[in-house]
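A short reminder: the numbers here are calculations on the coordinates, not readings from a lab. A quick note: this is a predicted structure, and the numbers were derived from the prediction, not measured. For neighbour counting, all protein chains shown are included, and Cβ atoms are generated from backbone atoms with ideal geometry for every residue, glycine included.
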């Protein structure tokens, strides 16, 4: 049987106080080993989560969105206070007469609430070392890095300055960066559960945005402008054709073979074929944004750039640059808390 709203709020606050007391007891102990230190932090983090949950329950009651708490309080005062009390008592007795074998509400279990389910690999030694063996093996089979000894990899895994800019746009490289960044984030949260990771992520995003706009992202010194120039170097000098006044492919034929070729190249499209072929191909994309041009109409180089942009998150490598920046940023955060590599 559900208790009154007032009792729910009271119980939530009682549990919160019990959790706070448990946190105090945890902080009073002095763990000696790395395992004990990490486990203590996880116990405290779990207790803090429980406090947030119980506080949320009490807050919802006090907010009284539907007015039921106010109505309940009204029945507890005034001339009808005793009548309401005995009516509630009667309902409680009738409930337990109908369900005599119902089990009592489970009492607060601090041990269960503190239980740590976080998993570390053997190489991580409960958050003391990074375990990059799997990522090292992947990097050895990638053209951007090539075979290296594990210790050499550990010394430079967050330095991407030696990777040629032209080799950074492939899907395999982008996926590798994503997995590396995901691992570093996961490791940090497992090894430092009491740190506000959301604020760190926000700080990282802000730092990248500022560096990108200033053109100071390592390995991407030219910023977005440099990336744009690299991806469009073959088409930047080509003049597109203004088709606003063109009503058919025949109208375009009057421009001649060379002008149609230049217009097609400006859009990264195939530019071969007869005069009518070129005119029909160009007219077919009238009113179509360049990024939405069908792949079968694109030249090989433009098609590859479009595919790579989609695979790496678009924005001409910005997503790749942000992941590289994120890896370096997370390594700095880990160094601040004294992690080691193994």
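Give the angle, between 0 and 90 degrees and rounded to the nearest 10, that separates the Cα long axis of helix 34-63 from the longest principal axis of the Cα atoms of the chain.
The helix 34-63 is inclined about 80 degrees to the chain.
Of [x] 20.6; [y] 30.6; [z] 19.2, which one was derived for mean projected area of the Cα convex hull in nm² from the structure shown?
Label [y] holds the value from this structure.
For a label point 7 Å from the Cα of residue 27 along Cα→C-beta, name the residues of the range 158-199 whose backbone N is under 18 Å from it.
Residues 193-196 qualify, since their backbone N sits under 18 Å from the label point.
Rank by packing, highest mean first: peptides 174-180, 73-79, 32-38, with packing defined as the count of other Cβ atoms within 10 Å averaged across residues.
Highest mean packing first, the order is 174-180, 32-38, 73-79.
Looking only at the range 183-204, which residues have a backbone nitrogen under 14 Å from a spot 7 Å from the Cα of residue 48 in the C-beta direction?
So the set is 189-200.
Give the angle, between 0 and 90 degrees and rounded to the nearest 10, that separates the Cα long axis of helix 81-98 from the longest principal axis of the Cα atoms of the chain.
80 degrees
Among 145, 69, 82, determine the one that fluctuates most according to a GNM of the chain built with springs between C-alpha atoms less than 10 Å apart.
82
Between Rg and the Kirkwood Rh of the range 5-114, both from Cα atoms, what is the Rg to Rh ratio?
Using Cα coordinates only, the ratio equals 1.14.
Just subtract the alpha-carbon distance of residue 206 and residue 248 from 0.36 nm times their residue separation and send over the number in nm, one decimal.
Gain on stretching residue 206 to residue 248: 10.2 nm.
May I ask for the angle, rounded to the nearest 10°, between helix 257-266 and the longest principal axis of the chain, with both axes built from Cα atoms and the value confined to 0 to 90°?
20 degrees
With a 10 Å radius around each residue's Cβ, average the other Cβ atoms per peptide and rank 157-166, 260-269, 194-203, highest first.
Highest to lowest by the protection proxy: 260-269, 157-166, 194-203.
Could you work out how much longer the chain between residue 7 and residue 109 gets when fully extended? Use 0.36 nm per residue separation minus the Cα distance between them, nm to one decimal.
Here the segment from residue 7 to residue 109 would lengthen by 34.8 nm.
Round to the nearest 0.05 the FRET efficiency obtained for residue 286 and residue 194 when R0 = 51 Å and r is the Cβ-Cβ distance.
After rounding, the FRET efficiency stands at 0.30.
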